[in-house]
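Below: one structure, written as structure tokens.
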Amino acid sequence: MDKVVLIGYMGSGKSIVGLELAKKLKINHFDLDDLIEKSQGLTVSDIFKQKGEIFFRKKEHEIFTQKIASKQDFVLSTGGGTPCYYNNHLMFEEKNVQTIHLKASVDTIVQRIIKEKHKRPLVQNLSDDDLKEYIAKHLFERNFYYNKAKFIITVDSKSINQIVNEIIELL
Ligand code: S3P
């Protein structure tokens, strides 16, 4: 087994798919946002508020690098921005790292995060009307990094189980 790293935009299902995938593969699951929150004793929102985004990105890079360098195998659910900072995407080229992009459409993402904006500092101050415009542009920019994944799985209208099974077939 290798290290399996799930990447993709906010709301693409990285956390829940990662959890279920790890259960099936019988390996550990880590959620990068949780690890950052634990290391700071603060929620992601509070880290952004109190220490700023740059601080968050540094911690994200530090913890991501440590995890990839560790000997154990696991499934890691990253944050939506992880591949886009500090050349974190170079880690995807490691032989023992299988990166999977969970690709969701703009409409799916809007639908999923509109009610949870408060948990996501990048969008929490946007009005519902502006959300779609913001996500469409942001996703376009970030696809440059997401498309560096070894595998891409579309997730729109698929169940968690279906996505997990598709990933297992790829690995
Ligand atoms: C971010 C996504 C979030 C979290 C932080 C920044 C981003 O993770 O890391 O709010 O830059 O897209 P999720 O993708 O799990 O929401």
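Each value in this text was obtained by applying a stated rule to the coordinates, not by laboratory testing. For clarity, every value in this text was computed on a predicted model and none was experimentally measured. Cβ: placed from backbone, ideal geometry, glycine included. Neighbour counts: every protein chain shown.
Modelled this way, with points 7 Å down the Cα-to-C-beta line, the labels at ASP34 and VAL97 are 2.1 nm from one another. Charge tally around ILE153: other residues with Cβ under 14 Å, Lys/Arg +1 each, Asp/Glu -1 each, net 0.
Beyond 27 Å in Cα-Cα separation lie the following of the pairs LYS67/LYS119; LYS26/LYS95; LYS38/LYS117; LYS137/LYS158; LYS14/LYS38; LYS49/LYS150: LYS49/LYS150. Taking θ as phi - 60° and the Karplus parameters 6.51, -1.76 and 1.60, the scalar couplings of region 3-18 work out to 7, 10, 10, 9, 10, x, 5, 3, x, 7, x, 4, 5, 5, 5, x Hz in sequence order, x denoting glycine and proline.
Largest mean-square fluctuation among ILE27, ILE109, ILE36, in a Gaussian network model of the chain whose springs join Cα atoms under 10 Å apart, belongs to ILE27. In a DSSP loop and with at most 12 other Cβ atoms within 10 Å, the trypsin sites (Lys or Arg not before Pro) in region 44-124 are LYS71, LYS95.
Here the Gaussian network model covers the chain, with springs between Cα atoms less than 10 Å apart; of GLY11, GLY80, GLY52, GLY52 fluctuates the most. Summing Lys and Arg as +1 and Asp and Glu as -1 over all other residues whose Cβ lies under 13 Å from the Cβ of ILE63 gives a net charge of -1. Taking a sphere under 12 Å around the Cβ of GLN72 and counting the other residues whose Cβ falls inside, with K and R at +1 and D and E at -1, yields a net charge of +1.
What the phi angles of region 126-135 give under the Karplus curve with 6.51, -1.76 and 1.60, with θ = phi - 60°, is a coupling list of 7, 6, 4, 5, 7, 4, 5, 4, 4, 5 Hz, glycine and proline written as x. Our helix-only sum for the chain, with -39,500 (n - 2.57) per DSSP H run of n ≥ 4 divided by its residues, gives a mean residue ellipticity at 222 nm of -15000 deg cm²/dmol. Extension gain for GLN72 to LEU42 (0.36 nm times residue separation, less C-alpha to C-alpha distance): 8.1 nm. Close amide H partners of THR99, meaning residues 5 or more places away or on another chain with modelled amide H under 5 Å apart, are VAL5, LYS150, PHE151.
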